[in-house]
Amino acid sequence: MLIHGLKSLFFTLLVFTISVFSPGAEKLTSESADWTLVMSGKTLCQPCQTSYGFAVLTDAKMISACTNSGHILWERSVPGRPEPILSSFSSDFLLTASNQNYISLINPSGLTLWTKETDFAIKNNPIVGRDCRIFIKGEQNLACFGLNGICKWTIETPVLRSENLFEMNDGSLLIFLQDEQEGKTCALRISPFGEIIETITFSGKILSALSVNSGLLLYFSDGSAGMCHIRENKAKTKWTIPFSNEVLKNAQPDKNAGFVELSGEKAVLAANVGENTLAVVFSIIDGKILNSFLIPESIKNKTLLKSDGELQKIFLSGKNKAFLYSSDGNVIWNAEFSDSGDEFSNLNHIFLTKNNNLILCSSEWAIAGYKISQNVSKKSVQKKKQKISYES
C-alpha cells in the first residue's frame, strides 16, 4: 500500500534499450521559425492550451489569444498587476490572478466576466472540477468559486507544499502538506464541498505526482512508484512497483522527475540517469512496465516534459535540446536551441500545443512557432536499438 506501512513499490523490465537518435538535429533559430510574433511584453508563465491555439500572459498586463499559425485573434488588458498564473478550461474560458489575491474569469472573446478577491495569496493555477467548480489554493488555504463568481466556501489548512491540487478518481481533491511524519509525505483529501474527508500518510516522501482518470500516480524519493486511488471513500493503493526493480534502481530520484500520460491506459515516468533521462512506459491499469529507454538530455529546472497532441508520443525539452519520441523508444524528431546572439537563445518558457507546434517564448518579448509534425517522416525514425548494462 502506498499509505503508511508499505515497503514495496514500483517497476520491472527484462530488456533495457537506449535509442539511437537522428544525427540531423534541427536548429531552432529566429530564421528557421515558421512564424514569429512581437508581444506586448515578457511572458510571465507558460502559455495555456486553447482550441484555437494558445493564450499568453505578459508583464504588460495583457493576455493575447494566438492561433497555431501565429495570428493574434485578440489582446485584452487584465485587471491589476498580473501574477504568473493562467489556465484554460471548457470552451476556452481563461482564469488568471492579479495583485496576489484576486481571481478573474475571462470569456473566449477576452472579456473579463468577473474579478473576485480571496482571503489569501493565490499560489497555483486554479483547477476546475467536474461540475465547473473553481478550486484555488493558497499557502494555508483552499477556496471554491462558482462560475458566477460567488465563493461557495473557503477553509484553512496546515502549511501546504508548493504543488497544485490533485483531483482524484471520485472527484475529491488531494493536497500535500509541508510537514512530514517521520520522513513520509502527508496529505489532506477534501470533498468538492469543502469537507475534510481524511488525512493520509504515505509510505515515503513523494517527489512527483500526476492525476489521471483512475487515480494519482506517485514517484517516491526511494525510487519506487505506484498509484493511489479512491475506493469505498478511502485512499487505497491500486498497484505498486518496488524500488528494487531492475529498471528504476539506476535512476536518480529528485524533484525534477515527472510523469506524462500517453493515453487512458499508458503513462511515462521520466527520471535522470547521469546526463540522460530514463523514460519508463508503463500501464496505468496495473503498473506493468511496457518499455524503457534513455533520452540523451537530462531533466533540469526548465525542462518541458509532456505528451504530444495525439497522446502517443513523449516530448522532452532540456536546456540545449528538444526531442519527440514514440512510446517504443524511437526518436521521431530532435532539435537544438539557438546559440547566444539569436533572439531565441534566452528563453522564458517552452510550450507544445496539441497540434504539435513548439512555442518558444523569448526574454526579448518575442514568440516563435515551429511545426514539429511537418518534419516527421519514416526516415527520421531510428529503428536500431542497443542493449545497455549499468553493471560496473
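The values are calculated or read from the model by the stated rules, or taken from the named source; none is laboratory data. Worth saying up front: this structure is predicted, and the values here are computed from it rather than measured. A quick note on method: Cβ atoms are made from the backbone with ideal geometry, for glycine too, and the neighbour counts reach across all protein chains shown. Only protein heavy atoms, including side chains, enter the accessible area calculation; ligands, DNA and RNA are left aside. Shrake-Rupley method; radii C 1.70, N 1.55, O 1.52, S 1.80 Å.
Quick one: divide the alpha-carbon radius of gyration of segment 59-114 by 2.2 N^0.38 Å and tell me what you get. Could you put the intermediate results ahead of the total?
Numbers: Rg = 11.0 Å, N = 56, 2.2 N^0.38 = 10.2 Å.
Normalised Rg, Cα atoms only: 1.08.
At 1.4 Å probe radius, can you tell me the per residue accessible area of the chain in Å²?
Counting only protein heavy atoms, the per-residue value for the chain is 43 Å².
Tell me, what is the 1.4 Å probe accessible area of D222, in Å² to the nearest 10?
That residue has around 80 Å² of solvent-accessible surface.
Select from segment 97-204 those GluC sites (Glu not before Pro) which occupy a DSSP coil region and have at most 12 other Cβ atoms within 10 Å, ordered by residue number.
E182, E195
Cross-link candidates for K288: which aspartates and glutamates have Cα within less than 15 Å, leaving aside residues fewer than 8 places away along the same chain?
E246, E261, E265, D328
Label segment 120-257 by shape, choosing from rounded, prolate and oblate, from the square roots a ≥ b ≥ c of the eigenvalues of the Cα gyration tensor; if a/c is under 1.5 it is rounded, and otherwise prolate applies when a/b is larger than b/c, oblate when it is not. Spell out each step's value before the answer.
Values: a/c = 2.12, a/b = 1.77, b/c = 1.19.
Prolate, because a/c is 1.5 or more and a/b exceeds b/c.
Starting from the residue with the highest accessible area, list F54, F93 in decreasing order, probe 1.4 Å.
F93, F54
Go ahead and set up a Gaussian network model of the chain, Cα springs under 10 Å, then flag whichever of L347, L316, L111 fluctuates most.
L111
With a 1.4 Å probe and every protein chain kept in, tell me what percent of the accessible surface of the chain is carbon plus sulfur.
Ligands and nucleic acids excluded, carbon and sulfur give 47 percent.
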